[in-house]
Amino acid sequence: MQTVLLVLTGFAAGILGGMGMGGGTLLIPLLTIFFSVSQHSAQGINLLAFIPMSVIALVIHFKNKLISFKEAVIMIIPAFFTAAAGSLIAVNTDAAVLKKLFGAFLITLSAFQIFMMLKANKK
């Protein structure tokens, strides 16, 4: 039964990831809360799951001519270094602190999304 739930969780994360929301916003809390996966492992699983999702999204966006390679390169270079730095920080941060920081990130992201939705509806 747990395997079926993990597969369904993967599908849900994949759908959200494909829609641009980011599968990790769902995957990490589900893994930590319902499957008792440690915060560090959940974040690692999310990063690993991101690889095939991003490859598929990249192929689709490339076919639809939605990629500006010049702008992508400008973003990739600093993203590479900050991702490495963030990974080193996360590995050396206590799991309880990491959970709280991720929770705060999700709350902030939710508030931002609500604000942007309200702003768009006023137009």
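Observations
- Mean residue ellipticity (222 nm) of the chain, computed from DSSP H runs ≥ 4 via -39,500 (n - 2.57), nearest 500: -29500 deg cm²/dmol
- With each label modelled as a point 7 angstrom along the Cα→C-beta vector, the residue 69-residue 114 pair spans 4.3 nm.
- Charge-dipole axis of the chain as Lys and Arg at +1 and Asp and Glu at -1 on Cβ define it, positive-most pick from 23, 86, 35: 23
- Assigned charges on the beta-carbon of Lys, Arg, Asp, Glu; the stretch 3-123 dipole about Cα centre (debye): 480 debye
- Relative contact order (percent, whole number), the stretch 2-122, Cα cutoff 8 Å, 6+ residue spacing: 19 percent
Values in this text are rule-based calculations from the coordinates and carry no lab data. The structure displayed is predicted, hence computed values, not measured ones. Cβ sites come from the backbone with ideal geometry, for glycine too, and all protein chains shown count toward neighbours.
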